[in-house]
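Everything on this sheet refers to the single structure shown next.
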Amino acid sequence: MTLSLYDATIPSNLQILRALDALLDKAEAFATEQGIAPATLIDARLADDMLPFGYQLKACAAHSVGGIDGVRGGSFSPDRSPWPTDFAGLHTVLRDAIATLELIDRAEFDLLADADTSFQFGTLVMPFTGANFLLSFSQPNFYFHATTAYAILRARGMPLGKRDFMGVPRMKA
């Protein structure tokens, strides 16, 4: 079996985005059970100089769907827009990303592998191929932000385990 760019990217993004959406359900239930204001969890950080939980979820969408859009358009820049400040808005971000990824055509996606793509932030410009951007830049960022979101909730006392992070693995049929 040959592993395609689609196979190396889309199924794993979907797996983790779905897990994050379920994690968000648990965060909402935890806030209710503990009498915690939703903003307390959404604004929670691991460290003062890190961005909060809400941003981490938005960044996962940005480094999945947004990364693909960047390859399609030839350039990716960080999404500096505000993130939702409520659970419903965060669910929307995750579910929109999931729905978009589910519609991606495998053959069309694999054609992006050799596309010229640049990462641009201020005066910094980093040139990539589409595959190298997605696999060596966007994907590591995606997992960093997913892991950070999970760690923020654990640090706030939520009873979570590895299965909550991983979601449903893709097993042999």
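Read-outs throughout are calculated quantities, based only on the coordinates presented, and are distinct from any laboratory measurement. All figures in this text were calculated on a predicted structure; none of them were measured in a lab. Here Cβ is always computed from backbone atoms with ideal geometry, including for glycine, and neighbour counts include all displayed protein chains.
I want to confirm something. Restricting to the range 77-110 and keeping residues that are of a type in the set (Gly, Ala, Ser) and assigned to a helix (DSSP H, G or I), which single residue is surrounded by the fewest Cβ atoms within 10 Å (Cβ to Cβ)? Ranking the candidates gives Ala107 first. When Leu112 is tested against (1) under 25 Å from Leu135 (Cα atoms); (2) under 15 Å from the mean Cα position of the chain (by Cα), just one condition goes unmet, and that condition is (2).
Checking the stated criteria, Met126 turns out not to satisfy the condition of being within 23 Å of Gly35 (Cα to Cα) and either touching a strand residue (DSSP E or B) at 6+ places or on another chain (Cβ under 7 Å) or assigned to a loop (DSSP other than H, G, I, E, B) (or both). Within the range 151-173, residues that are touching a residue at least 40 places away in the same chain (Cβ under 8 Å) and under 15 Å from Leu20 (Cα atoms) reach partners that are surrounded by 11 or more Cβ atoms within 10 Å (Cβ to Cβ) and basic (Lys, Arg) with beta carbons closer than 8 Å, at six or more positions or on different chains, in the pairs Ile152/Arg45; Leu153/Lys26; Met158/Lys26; Leu160/Lys26; Leu160/Arg154; Asp164/Lys26; Gly167/Arg18; Val168/Arg18.
Conditions (1) of a type outside the set (A, V, I, L, M); (2) farther than 30 Å from Lys172 by Cα; (3) not in a helix (DSSP H, G or I), marked per residue:
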| site | (1), (2), (3) |
| --- | --- |
| Leu24 | no, no, no |
| Asp48 | yes, yes, yes |
| Leu57 | no, no, no |
| Gly70 | yes, yes, no |
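For the range 129-173, taking the residues that are of a type in the set (Gly, Ala, Ser) and under 30 Å from Ile36 (Cβ atoms), the one that is surrounded by the most Cβ atoms within 10 Å (Cβ to Cβ) is identified as Ala149.
Within the range 126-164, being under 12 Å from the mean Cα position of the chain (by Cα) and of a type in the set (A, V, I, L, M, F, W, C) holds for Phe142, Phe144, Ala146, Ala149.
Does Thr129 satisfy being over 17 Å from Arg72 (Cβ atoms) and among the hydroxyl-bearing types (Ser, Thr, Tyr)? So Thr129 does not fit the description; no. Between Thr100, Thr85, Thr92, Thr148, the distinction of being hydroxyl-bearing (Ser, Thr, Tyr) and over 16 Å from Leu24 (Cβ atoms) belongs to Thr100 only. In the range 143-173, which residues are aliphatic (A, V, I, L, M), in contact with a helix residue (DSSP H, G or I) (Cβ under 7 Å, 6 or more places away or on another chain) and not in a helix (DSSP H, G or I)? If the condition is that a residue be aliphatic (A, V, I, L, M), in contact with a helix residue (DSSP H, G or I) (Cβ under 7 Å, 6 or more places away or on another chain) and not in a helix (DSSP H, G or I), then Met158, Leu160, Val168 are the ones that fit.
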